[in-house]
Protein chains: 2
Amino acid sequence: MKIIIDGMGGDNAPEAICEGAVLAARGIDHEIVLVGDEETLRKCVSKYQGRRPIDNISFVNAGESITNDDAPAMAIRRKKDSSIVIGMNMLKNGEGDVFISAGSTGALLAGGLLIVGRIKGIDRPAICSIYPILGGMASMLCDAGANSECKPRNLVEFALMSSIYMENVLGRENPSVALVNIGEEKGKGNSLTKEAYDLLMNSDLNFKGNIEARDVPKGKADVIVTDGFTGNIILKLTEGMAWNIFKTIKNKFTDGLHARVGSLFLVDKLMELKKEFDYAEYGGAPILGINKPVVKMHGSSGAKGVKSTIMKAIDFVEEDVINVIRESIQVVRGIND
Amino acid sequence: MKIIIDGMGGDNAPEAICEGAVLAARGIDHEIVLVGDEETLRKCVSKYQGRRPIDNISFVNAGESITNDDAPAMAIRRKKDSSIVIGMNMLKNGEGDVFISAGSTGALLAGGLLIVGRIKGIDRPAICSIYPILGGMASMLCDAGANSECKPRNLVEFALMSSIYMENVLGRENPSVALVNIGEEKGKGNSLTKEAYDLLMNSDLNFKGNIEARDVPKGKADVIVTDGFTGNIILKLTEGMAWNIFKTIKNKFTDGLHARVGSLFLVDKLMELKKEFDYAEYGGAPILGINKPVVKMHGSSGAKGVKSTIMKAIDFVEEDVINVIRESIQVVRGIND
């Protein structure tokens, strides 16, 4: 297997990307291809490999980068020499099996659509993000931000694709699906959730009904399905809340007097907990609905996050998730049409 | 002033309502009217007033109650003898200055619309909830769940009404307004937020632009404006996250070994913090856009929450918020028409 990695994307590139690639490469037989400014990447990898050279990392040069300020579709069309466009083209042409990037989400989506292409029968690809559950098994939140406006059928496709991923990559048997809504009862919500509820109920998915936002952090379903606007709100608010609470507690427990009462020990515990919420540690978010495996890493991923993303991406490829989605959607569409 | 309170609404009624009314009544000269099963309420109040009788609480009998299972509009039309319908009618007829209830949000909205009536020029009334900020001043989140589908002009009205409330009741000078969106830059989001952005930018409000969900808990604006679907998601996810994190930390710090290390002291601190997040303590959520002051209390409000809601409701009436809204919207509509 060949794992293509965007060496230039994300807040901590290229350092964290190279370090993570080195960490991962030591434990696997697969080849890792780093795409980006070759000289920079070579130096960076050699720094992290130290005295134990690695022979399963190679490099492909890219002369430019796409930033978050670039208009995604335009950047994909014009920046032909960027790491994302080169990586996506390699993926499309079979010069690699999966593409991983911590770069612009919009550019990855646009590249997925314009270069790699949609799976036939899927109307809208989605970002399906692992949603960390404190003290429990993570859920998948889909769509986490690709489609700010959705039709009811899109939500059913998100649920189908996420269920396949959760079953095949995370080993959840018959994954449960819940629809984010403003009430648990059928008939609640806006026109999108009302119609999506009926479609999901009539599907072959293990649909458990509506879930209120307060229950999302409790891990009540394997797959949490929603439109990309709401999904993005949920993901970012979760992040903001965790950050805010941990910061406040840390401040409260380490100021003057209280610092004495064993607080430092407790702050350590707290940081452990905070880590459970760290998306960067969760192996990235697959973009599902396109013809090849593409994984978006959190922009702030550190080396460990990069490594775990690479390890999960291997399962994503080995379990042939894309083909399972392709076949499942054909069955669904065949029945529906 | 006469404060009408639904004695039968909420998870802790009538106990918490009566206890809260007693607590509030002792500190004010205004009259509190409890609506509900008179015998029950009289007994309950007499239990909490103990040996110091209170002369500023009176009772109005209501033979039935509206529950969360009732279809709101139908319940308002049919349950004429319910505490909500009686309370709303008293408010409409000038037999009281504000109506407070911890009962069904839907019924309060329906009652507000059908009995009390909309303010002319306001398209859709909204629930404007106080959003607690850890270690900072609370924001107002509007709409927090009344309108699951909104037009851009609705969001401008929510922002206007909330700004007036924040300025007059919470004393925020020239309150800042931010629009919940999936990116900070202009042009981000769905068609609703894109159009609302332009309308807000062209209004006289102190509009600061988009706010991402991760920044909502940081208290970056006095007024956080959004559609009722998203607002409900934000409110409930915030509640769920706080609950979940506090519970996990408490468990982690009180199990076996760790309990020794001064943890009990720290758990106390933690519970203090948790209280900062307790909506029930925040004086309820005004329903803005109707012709009289109506305040929705959290269903799980305790006696202290009931008391603080009563105290805030007094400011709501004294600062004449409804009239300020009425006059402001006439100016806005006059200019726009």
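The values are calculated or read from the model by the stated rules, or taken from the named source; none is laboratory data. Just so it is clear, the model here is predicted, and its values are computed rather than measured. All Cβ positions, glycine included, derive from the backbone under ideal geometry; neighbour counts span all protein chains shown. Note: areas computed on protein heavy atoms with side chains; ligands, DNA, RNA excluded. Shrake-Rupley method; radii C 1.70, N 1.55, O 1.52, S 1.80 Å.
Taking the criterion of being among the small types (G, A, S), buried (at least 22 other Cβ atoms within 10 Å of the Cβ) and without any contact (Cβ under 8 Å) to a residue 40 or more places away in the chain, would at least one residue in the range B:164-179 satisfy it? If you could, list the steps in order and put the result at the bottom.
Filtering the range B:164-179 down to residues among the small types (G, A, S) leaves B:171, B:176, B:178.
After this cut, where a residue has to be buried (at least 22 other Cβ atoms within 10 Å of the Cβ) as well, the list is B:178.
Subset that is without any contact (Cβ under 8 Å) to a residue 40 or more places away in the chain: none.
Within the range B:164-179 (the criterion being among the small types (G, A, S), buried (at least 22 other Cβ atoms within 10 Å of the Cβ) and without any contact (Cβ under 8 Å) to a residue 40 or more places away in the chain), the answer is no, since none of the residues qualifies.
Report, by residue number, each residue of the range B:197-226 that is within 14 Å of chain A (Cβ to nearest Cβ) and hydroxyl-bearing (S, T, Y). Working first, answer last.
Applying the first criterion (within 14 Å of chain A (Cβ to nearest Cβ)) to the range B:197-226 yields B:197, B:210-221, B:224-226.
B:Y197, B:T226 - these are the residues of the range B:197-226 that are within 14 Å of chain A (Cβ to nearest Cβ) and hydroxyl-bearing (S, T, Y).
Quick one: would you say B:N147 is open to solvent by less than 30 Å² (accessible area, probe 1.4 Å) and either at pLDDT 95 or above or within 14 Å of chain A (Cβ to nearest Cβ) (or both)?
Taking the combined requirement at face value, the residue satisfies it.
Find all pairs meeting these conditions: Cβ atoms under 9 angstrom apart; at least six residues apart or on different chains; first residue within the range B:49-64 and surrounded by 13 or more Cβ atoms within 10 Å (Cβ to Cβ); second residue modelled with pLDDT under 95.
Between residues of the range B:49-64 that are surrounded by 13 or more Cβ atoms within 10 Å (Cβ to Cβ) and residues that are modelled with pLDDT under 95, the close pairs are B:I57/B:Q49.
Has the range B:191-214 got at least one residue that is among the basic types (K, R) and more than 24 Å from the chain's Cα centre (by Cα)?
Yes: one or more hits.
Taking the range A:192-202 only, how many residues are open to solvent by less than 30 Å² (accessible area, probe 1.4 Å) and over 17 Å from B:F229 (Cα atoms)?
1
Out of the residues in the range A:101-125 that are open to solvent by less than 30 Å² (accessible area, probe 1.4 Å) and farther than 23 Å from B:I182 by Cβ, which is farthest from the chain's Cα centre (by Cα)?
So the residue we want is A:G121.
Please specify each residue of the range B:113-142 satisfying the condition of being in contact with a Phe, Trp or Tyr (Cβ under 9 Å, 6 or more places away or on another chain) and closer than 18 Å to B:V324 by Cβ.
Those that are in contact with a Phe, Trp or Tyr (Cβ under 9 Å, 6 or more places away or on another chain) and closer than 18 Å to B:V324 by Cβ: B:V116, B:A126, B:C128, B:M140, B:C142.
Tell me yes or no: at least one residue of the range B:265-284 is more than 14 Å from chain A (Cβ to nearest Cβ) and either in contact with a strand residue (DSSP E or B) (Cβ under 6 Å, 6 or more places away or on another chain) or at pLDDT 90 or above (or both).
Yes: the range B:265-284 contains one or more residues that are more than 14 Å from chain A (Cβ to nearest Cβ) and either in contact with a strand residue (DSSP E or B) (Cβ under 6 Å, 6 or more places away or on another chain) or at pLDDT 90 or above (or both).
With respect to the numbered conditions (1) facing chain A (nearest Cβ under 7 Å); (2) surrounded by fewer than 20 Cβ atoms within 10 Å (Cβ to Cβ); (3) modelled with pLDDT under 85, which one is the sole condition not fulfilled by B:I245?
(2)
Any chance you could count how many residues in the range A:312-327 are surrounded by 15 or more Cβ atoms within 10 Å (Cβ to Cβ) and either touching a helix residue (DSSP H, G or I) at 6+ places or on another chain (Cβ under 6 Å) or within 30 Å of A:A13 (Cβ to Cβ) (or both)?
Residues in the range A:312-327 being surrounded by 15 or more Cβ atoms within 10 Å (Cβ to Cβ) and either touching a helix residue (DSSP H, G or I) at 6+ places or on another chain (Cβ under 6 Å) or within 30 Å of A:A13 (Cβ to Cβ) (or both): 11 in total.
Quick check: anything in the range A:5-15 touching a Phe, Trp or Tyr at 6+ places or on another chain (Cβ under 7 Å), touching a residue at least 12 places away in the same chain (Cβ under 8 Å) and over 12 Å from A:M311 (Cα atoms)? First the steps, then the outcome.
Step one: of the range A:5-15, the residues touching a Phe, Trp or Tyr at 6+ places or on another chain (Cβ under 7 Å) are none.
Among the residues of the range A:5-15, not one is touching a Phe, Trp or Tyr at 6+ places or on another chain (Cβ under 7 Å), touching a residue at least 12 places away in the same chain (Cβ under 8 Å) and over 12 Å from A:M311 (Cα atoms), which makes the answer no.
Evaluate the following for A:V294: is it under 20 Å from A:F158 (Cβ atoms), touching a Phe, Trp or Tyr at 6+ places or on another chain (Cβ under 6 Å) and in contact (Cβ under 8 Å) with a residue 40 or more places away in the chain?
Against the criterion (under 20 Å from A:F158 (Cβ atoms), touching a Phe, Trp or Tyr at 6+ places or on another chain (Cβ under 6 Å) and in contact (Cβ under 8 Å) with a residue 40 or more places away in the chain), A:V294 qualifies.
Is it fair to say B:N336 is surrounded by fewer than 20 Cβ atoms within 10 Å (Cβ to Cβ), at pLDDT 95 or above and not acidic (D, E)? It would help to see each step written out before you state the result.
Values: surrounded by fewer than 20 Cβ atoms within 10 Å (Cβ to Cβ): yes; at pLDDT 95 or above: no; not acidic (D, E): yes.
Spelling it out, it is not the case that B:N336 is surrounded by fewer than 20 Cβ atoms within 10 Å (Cβ to Cβ), at pLDDT 95 or above and not acidic (D, E).
Restricting to the range A:23-42, give me the number of residues that are of a type in the set (V, I, T), touching a residue at least 60 places away in the same chain (Cβ under 8 Å) and open to solvent by less than 10 Å² (accessible area, probe 1.4 Å).
Of the residues in the range A:23-42, 2 are of a type in the set (V, I, T), touching a residue at least 60 places away in the same chain (Cβ under 8 Å) and open to solvent by less than 10 Å² (accessible area, probe 1.4 Å).
Please tell me if B:I182 is part of a strand (DSSP E or B) and either within 11 Å of another protein chain (Cβ to nearest Cβ) or at pLDDT 95 or above (or both).
So B:I182 fails the test.
Do any strands (runs of 3 or more DSSP E) entirely within the range B:77-156 hold 2 or more residues that are touching a residue at least 12 places away in the same chain (Cβ under 8 Å), under 26 Å from B:S328 (Cβ atoms) and among the small types (G, A, S), and if so, which?
Hits in the range B:77-156: B:126-131.
Assuming A:N168 fulfils every condition listed in (1) facing another protein chain (nearest Cβ under 10 Å); (2) within 18 Å of the chain's Cα centre (by Cα); (3) polar (S, T, N, Q) apart from one, which condition is it?
Failed condition: (1).
Given (1) part of a helix (DSSP H, G or I); (2) under 19 Å from B:M297 (Cα atoms), where does B:Y48 come up short, assuming only one miss?
So B:Y48 meets the others, but not (2).
Taking the residues in the range A:295-311 that are assigned to a helix (DSSP H, G or I) and among the hydroxyl-bearing types (S, T, Y) as candidates, determine which candidate is surrounded by the fewest Cβ atoms within 10 Å (Cβ to Cβ).
A:S308
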